[in-house]
Amino acid sequence: MPHLLPVLALVFNAFVWGVSWWPFRQLHAAGLHPLWATALMYALALACLLVARPQALRTALQHPALWLLALSSGLTNVAFNWAVTVGDVVRVVLLFYLMPAWSVLLAWKVLGDRPTGMALVRLLLAFGGVALVPGAGRRLVGPAG
């Protein structure tokens, strides 16, 4: 029973990421570009943060590296939100969940960091899932018309 809370947290996180594309599609259909939708959501989150923890802005100003982290994570989120709004959700989410695989491959190529045997097994499983999921979706939905 003590392991139930972390499991529920992971399920909730997967649910949020799994349905996060839907509001962006609805807002886009109503005429709001995904960049503006993301900017408004970030502004709302920032306003809530500053109300709950007013000292957060002072702390952020004292650590310039946080601005780089905020910028890079924000741009990543903007790219994801835009992609799920205008692209095929299954493919975009698969690429998103493959980020750890890409980092292993890039570290291998760019840094010369050789992956372990288990890392290679995880890469095979990850890319095997990429081959399976889109094919399974086409079989369930049928051919594109």
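The values are calculated or read from the model by the stated rules, or taken from the named source; none is laboratory data. Being a predicted model, the structure only gives us computed values, none of them experimental. Every residue, glycine as well, gets a Cβ built from its backbone with ideal geometry; the counts of neighbours run over all protein chains shown. The protein model used for the area step is the full one, side chains on, heavy atoms only, and it has no ligands, DNA or RNA in it. Shrake-Rupley method; radii C 1.70, N 1.55, O 1.52, S 1.80 Å.
Values for this structure:
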quantity: Which of Tyr97, Tyr42 is most accessible, then next, and so on - probe 1.4 Å; calculated: Tyr97, Tyr42
quantity: Most to least accessible of Trp108, Trp21, Trp67 (protein chains only, probe 1.4 Å); calculated: Trp67, Trp108, Trp21
quantity: Gaussian network model of the chain, Cα within-10 Å springs - most flexible of Gly117, Gly129, Gly87; calculated: Gly117
quantity: Top of Met41, Met99, Met118 by mean-square fluctuation, Gaussian network on the chain, Cα under 10 Å; calculated: Met118
quantity: Read-out percent of Cα pairs over 26 Å apart, derived from the coordinates shown; its label in (i) 22; (ii) 43; (iii) 47; calculated: (iii)
quantity: Residue with peak Gaussian network fluctuation, the chain [Cα springs, cutoff 10 Å], from Pro34, Pro100, Pro54; calculated: Pro54
quantity: Accessible surface of the chain, 1.4 Å probe, proportion on carbon and sulfur as whole %; calculated: 76
quantity: Rg [Å, one decimal], Dmax [Å, integer] - segment 33-86, C-alpha atoms; calculated: 12.7, 38
quantity: Cβ charges +1 (Lys, Arg) and -1 (Asp, Glu), total dipole of the chain, debye; calculated: 120
quantity: Axial C-alpha extent at least 18 Å, average Kyte-Doolittle at least 0.5 - helices from the chain (DSSP); calculated: 4-19, 34-52, 64-86, 117-141
quantity: Cα gyration tensor, segment 88-134 - rounded (a/c under 1.5), prolate or oblate; calculated: oblate
quantity: Solvent-accessible surface (1.4 angstrom probe) belonging to Leu27, in square angstrom, nearest 10; calculated: 60
quantity: Accessible area (Å², per residue) of the chain, counting only protein heavy atoms and a probe of 1.4 Å; calculated: 76
